[in-house]
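Have a look at the structure below before the remarks.
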Amino acid sequence: MKINKYLDWIIHMLGYTLVLILVSLIFKKTVYIDNSYYGLWGFVAVIIIFILNRTIKPLLVWMTLPLTALTLGLFYPLINVLILKITDFILLDHFNIYGTVFLFVVSIVISIMNAIMDNIVIDTFLKGMKK
């Protein structure tokens with residue numbers, strides 16, 4: 001059972017890496033991922049984003065809950081932008097985020113594409129493997 005859990009996690013991380021690389025190709029002037037080592041930096045960025053989403057993001061959401069409620073949820077994408085900016089800071093020249101307005105759009109597109117990847121592609125793939 002543990003192997004399936006780790007395999008599920010790896011498949012999800014690879015799917016999210018594909019989404020992040022795709023977003024960097026669509027929004028070339030906003031998101032840059034170093035393409036050396038065959039997408040390794042995209043995978044590293046996804047792992048860092050995953051770790052930040054599990055550690056810092058819940059605290060940020062809790063701290064900004066009144067502001068998010070006052071703006072009817074419009075403040076929430078700013079938290080995702082902050083997570084992307086922290087990842088940019090950690091990975092230096094290998095992952096860069098530029099701009100401000102398009103960064104909100106990129107944050108929303110990444111969230112939508114991850115949901116599609118999760119619910120349609122990965123879950124279908126994993127259900128097919130378990131049969």
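If a residue counts only when it is charged (D, E, K, R) and without any contact (Cβ under 8 Å) to a residue 60 or more places away in the chain, which helices (runs of 4 or more DSSP H) contained entirely in segment 26-131 have at least 2 such residues?
Details: elements: 40-63, 65-70, 76-91, 101-116, 123-130.
In segment 26-131, 40-63, 76-91, 123-130 are the helices (runs of 4 or more DSSP H) which contain 2 or more residues that are charged (D, E, K, R) and without any contact (Cβ under 8 Å) to a residue 60 or more places away in the chain.
In summary, LEU82 fulfils each of the numbered conditions (1) in contact with a Phe, Trp or Tyr (Cβ under 8 Å, 6 or more places away or on another chain); (2) modelled with pLDDT of 90 or more; (3) of a type outside the set (D, E, K, R) with the single exception of condition (1). Between ILE26, ILE48, ILE97, the distinction of being farther than 28 Å from GLY128 by Cα, surrounded by fewer than 14 Cβ atoms within 10 Å (Cβ to Cβ) and either in contact with a helix residue (DSSP H, G or I) (Cβ under 8 Å, 6 or more places away or on another chain) or of a type in the set (Gly, Ala, Ser) (or both) belongs to ILE26 only. Within segment 13-69, the set of residues being touching a Leu at 6+ places or on another chain (Cβ under 9 Å) and among the β-branched types (Val, Ile, Thr) comprises THR30, VAL31, ILE33, VAL44, VAL46, ILE48, ILE49, ILE56, THR64, THR68.
The values are calculated or read from the model by the stated rules, or taken from the named source; none is laboratory data. As the structure is a computational prediction, the values presented were derived from the model and not from experiment. A quick note on method: Cβ atoms are made from the backbone with ideal geometry, for glycine too, and the neighbour counts reach across all protein chains shown.
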